[in-house]
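Everything below concerns the one structure shown next.
The values are calculated or read from the model by the stated rules, or taken from the named source; none is laboratory data. What you see is a predicted model; the values in this text were computed from it and never measured. For neighbour counting, all protein chains shown are included, and Cβ atoms are generated from backbone atoms with ideal geometry for every residue, glycine included.
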Amino acid sequence: MSRLVEAADLAPADLARVRGIYEASFPDELLAPFEDLLADRMLVHLEDDGPAGFALVRDLGPTAWTFLRYYAVGRRGRGTGSTMWAGLTDLLAAEGRTRLVWDVEDPGEPGLSPVAVEEHRRRIVFYERLGGRLLPVRDYEPPHDDGHAPRLLLMDAALGPSGADHEDPALRDVVEAVFRWRYGRTPDDAVVRRTLAASGLL
């Protein structure tokens, strides 16, 4: 039987398996040191044979929104990603969170290999199938811990029963909250203002 547990409750061997899933799931330029991830909330999807995936989340300051930093499964094609998503969104909704926000790599970024383009597209389709939507945000290149700024797209999903209880927040509020509480950039930062201007939000 599968369930979500806090990473802090895992035995060292199971946490090492989670680390292996993490390092195998993302390109080097998007990998932060694994130990640094534990400063946020890591929820691990356990199956009978151990960890099968994880979600790393961070509440966006005083809002009722949560940012999804990483989402990864160790084995594809078994429905693990969809099952873990249902568990994650149900848990956050039960805790009073109203929206999940995350970024994905842009398949339209110049210079990507055909393999990378297809991988990025598949990831977006996966999230859309689970109720996520691409937000109309342009020139979204938040700086990462190593200074690298990949071209990304922003997605979100309402939490709760079909999201019916929550009105869509203003897009500018979502963008500013992500930059402030995920990336440490205030609304007057040049990076933030460039995104807002390109998205018609200024």
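With 17, 121, 78 as the choices, which residue is free of Cβ contacts under 8 Å to residues at least 60 places away in the same chain, more than 30 Å from residue 170 (Cα to Cα) and assigned to a helix (DSSP H, G or I)?
On the way: 121 fails: more than 30 Å from residue 170 (Cα to Cα); 78 fails: assigned to a helix (DSSP H, G or I).
17 is the lone residue from the list that is free of Cβ contacts under 8 Å to residues at least 60 places away in the same chain, more than 30 Å from residue 170 (Cα to Cα) and assigned to a helix (DSSP H, G or I).
I need the full set of residues from the stretch 72-96 which are touching a Phe, Trp or Tyr at 6+ places or on another chain (Cβ under 7 Å) and under 18 Å from residue 133 (Cα atoms), in order please. Steps first, please.
As a first pass, look at the stretch 72-96 and keep what is touching a Phe, Trp or Tyr at 6+ places or on another chain (Cβ under 7 Å): 72, 81.
81, the sole residue that qualifies.
Regarding residue 163, is this residue surrounded by 15 or more Cβ atoms within 10 Å (Cβ to Cβ), at pLDDT below 95 and over 14 Å from the mean Cα position of the chain (by Cα)? Walk me through how you get there before you give the answer.
Working: surrounded by 15 or more Cβ atoms within 10 Å (Cβ to Cβ): yes; at pLDDT below 95: yes; over 14 Å from the mean Cα position of the chain (by Cα): yes.
When the stated conditions are applied, residue 163 passes them.
Is there a residue in the stretch 133-154 that is exposed (fewer than 13 other Cβ atoms within 10 Å of the Cβ), modelled with pLDDT under 95, charged (D, E, K, R) and farther than 20 Å from residue 30 by Cα?
no
With respect to the numbered conditions (1) surrounded by fewer than 12 Cβ atoms within 10 Å (Cβ to Cβ); (2) of a type in the set (Gly, Ala, Ser); (3) touching a strand residue (DSSP E or B) at 6+ places or on another chain (Cβ under 8 Å), which one is the sole condition not fulfilled by residue 2?
Just one mismatch for residue 2, condition (1).
Quick test of your reading of the structure: residue 92 fulfils all but one of (1) touching a Leu at 6+ places or on another chain (Cβ under 7 Å); (2) farther than 20 Å from residue 66 by Cα. Name the failing condition by number.
Condition (2) is where residue 92 drops out.
If we scan the stretch 124-134, do we find a residue that is over 16 Å from residue 175 (Cβ atoms) and among the aromatic types (Phe, Trp, Tyr)?
For the stretch 124-134, residues over 16 Å from residue 175 (Cβ atoms) and among the aromatic types (Phe, Trp, Tyr): present.
So which of 5, 73 ends up being closer than 25 Å to residue 101 by Cβ and in contact with a helix residue (DSSP H, G or I) (Cβ under 8 Å, 6 or more places away or on another chain)? If you could, list the steps in order and put the result at the bottom.
Numbers: 5 fails: in contact with a helix residue (DSSP H, G or I) (Cβ under 8 Å, 6 or more places away or on another chain).
After applying the criteria, what remains is 73.
For the stretch 46-63, give me the residue count where each residue is at pLDDT below 95, among the aliphatic types (A, V, I, L, M) and not in a strand (DSSP E or B).
0
Answer yes or no as to whether residue 109 is surrounded by 15 or more Cβ atoms within 10 Å (Cβ to Cβ), within 15 Å of the chain's Cα centre (by Cα) and not aliphatic (A, V, I, L, M). Let's see the steps before the verdict.
On the way: surrounded by 15 or more Cβ atoms within 10 Å (Cβ to Cβ): yes; within 15 Å of the chain's Cα centre (by Cα): no; not aliphatic (A, V, I, L, M): yes.
The answer is no for residue 109.
What tally of residues in the stretch 176-196 results from selecting those that are in a helix (DSSP H, G or I) and without any contact (Cβ under 8 Å) to a residue 40 or more places away in the chain?
Summing the residues that are in a helix (DSSP H, G or I) and without any contact (Cβ under 8 Å) to a residue 40 or more places away in the chain in the stretch 176-196 gives 6.
Can you say whether residue 95 is touching a Pro at 6+ places or on another chain (Cβ under 8 Å), surrounded by fewer than 20 Cβ atoms within 10 Å (Cβ to Cβ) and not basic (Lys, Arg), as far as the supplied structure shows? Steps first, answer last, please.
Numbers: touching a Pro at 6+ places or on another chain (Cβ under 8 Å): no; surrounded by fewer than 20 Cβ atoms within 10 Å (Cβ to Cβ): yes; not basic (Lys, Arg): yes.
It is false that residue 95 is touching a Pro at 6+ places or on another chain (Cβ under 8 Å), surrounded by fewer than 20 Cβ atoms within 10 Å (Cβ to Cβ) and not basic (Lys, Arg).
Which of the residues spanning the stretch 64-75 are assigned to a strand (DSSP E or B) and crowded, with 18+ Cβ neighbours inside 10 Å?
Keep residues of the stretch 64-75 that are assigned to a strand (DSSP E or B), which gives 65-73.
If the condition is that a residue be assigned to a strand (DSSP E or B) and crowded, with 18+ Cβ neighbours inside 10 Å, then 65, 66, 67, 68, 70, 71, 72, 73 are the ones that fit.
Whether any residue in the stretch 64-72 is over 29 Å from residue 116 (Cα atoms), in contact (Cβ under 8 Å) with a residue 24 or more places away in the chain, out of contact with any Ser or Thr (no Cβ under 9 Å at 6 or more places or on another chain) and basic (Lys, Arg) is what I want to check.
Keep residues of the stretch 64-72 that are over 29 Å from residue 116 (Cα atoms), which gives 64-65.
Those still in the list that are in contact (Cβ under 8 Å) with a residue 24 or more places away in the chain too: 64-65.
From what's left, out of contact with any Ser or Thr (no Cβ under 9 Å at 6 or more places or on another chain): none.
No: zero hits.
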